[in-house]
1. Between residues in the stretch 49-78 that are farther than 18 Å from V110 by Cβ and residues that are assigned to a loop (DSSP other than H, G, I, E, B) and of a type in the set (G, A, S), which pairs lie under 7 Å by C-beta distance while being six or more apart or on different chains?
2. Are there any pairs with C-beta distances below 6 angstrom linking a residue in the stretch 155-173 that is in contact (Cβ under 8 Å) with a residue 24 or more places away in the chain to a residue that is charged (D, E, K, R) and surrounded by fewer than 14 Cβ atoms within 10 Å (Cβ to Cβ), with the two at least 6 apart or on different chains, and if so which?
3. Of (1) part of a loop (DSSP other than H, G, I, E, B); (2) closer than 23 Å to T166 by Cβ; (3) not acidic (D, E), V100 satisfies all except one. Which?
4. Out of D109, D80, D117, report the one residue that is surrounded by 12 or more Cβ atoms within 10 Å (Cβ to Cβ), out of contact with any helix residue (DSSP H, G or I) (no Cβ under 7 Å at 6 or more places or on another chain), of a type in the set (D, E) and at pLDDT 95 or above.
5. What number of residues within the stretch 142-171 are assigned to a loop (DSSP other than H, G, I, E, B) and among the hydrophobic types (A, V, I, L, M, F, W, C)?
6. Mind checking which pairs have a first residue in the stretch 34-47 that is under 19 Å from S93 (Cβ atoms) and a second that is part of a loop (DSSP other than H, G, I, E, B) and modelled with pLDDT of 95 or more, Cβ under 6 Å, 6 or more apart or different chains?
7. Under the condition of being in a loop (DSSP other than H, G, I, E, B), touching a strand residue (DSSP E or B) at 6+ places or on another chain (Cβ under 7 Å) and not aliphatic (A, V, I, L, M), which residue from the stretch 113-141 is nearest to R66 (Cα to Cα)?
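The values are calculated or read from the model by the stated rules, or taken from the named source; none is laboratory data. Quick caveat, the model's predicted, so the values are computed rather than measured. Counting neighbours? That spans all protein chains shown, and the Cβs are built from the backbone with ideal geometry, glycine included.
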Amino acid sequence: MIVTSVAVAAASGCIRKEEKVEETKAAPPPAAPPPEPARSALAIDQNATYTVVAAATNKCLQFTGRDVGDQAAAEIAACDKSPAQQFKLQPVSGNYWTFVNVHSGKCLDVQAIAMDDGVGLQQYSCNAGPNQQFIVADAGPGVIRLVARHSGKVLEVKDSGTADGTKVIQSPWRSTPSEQFKLATTTAPPARGDGGATAAAADGKAKKKKGGKAKTE
């Protein structure tokens, strides 16, 4: 009986020792993003405004309900040239870009700095986080892919959807049309200013010359 008790105690001690070893094992480090892709040769004007157009549908990136609040989800909708679908691209050291919505003044953002596939894009107060910085990379003739700096994943129209309101998520790069976009500049109407006054003066001179030589003043 004494021998049995000693054997049981020894076995119990071994189990406790193994449990302690398991407890002290370090957690695996977070996965690093894949190598960065080559940047697109597209010239970006930081003073211009752009629409982000899904290549497969020719629909524009905007935020749900044209909301100006944090966490409004990114989606596609029929392009309408409204400020809600316009972005200013601001450069970040390292050849990254932030996309600032003209309507809300907030940044395109990967939710919760997540690394996982299928995580949605949203708008959020600009904070210089890597989940608000994107690589404008080549995706084929005339199109680009937008790569999140922190995860190395690309923007994608969810499930290759075509309907207004289809959400935009991050996914691995698969070269599918749902992961291809175009940047289109928006054109603001010209300001009148001195140009308008000059045009009016020229028009007056033309009328003055009607039927003969203009008088000198």
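1. K59/A78; G65/A72; V68/S104; A77/G165
2. From the stretch 155-173, the pairs are S171/D117.
3. (1)
4. The unique qualifying residue is D117.
5. 2
6. Close Cβ pairs satisfying both conditions: R39/N95.
7. Quick first cut of the stretch 113-141, residues in a loop (DSSP other than H, G, I, E, B) only: 114-119, 125-129, 133, 139-141.
Pick out the ones that are also touching a strand residue (DSSP E or B) at 6+ places or on another chain (Cβ under 7 Å) and you get 117-119, 126, 133, 139.
This time we only want the ones that are not aliphatic (A, V, I, L, M), so: 117-118, 126, 133.
On the way: D117: 25, G118: 22, C126: 17, Q133: 22 Å.
Here the residue is C126.
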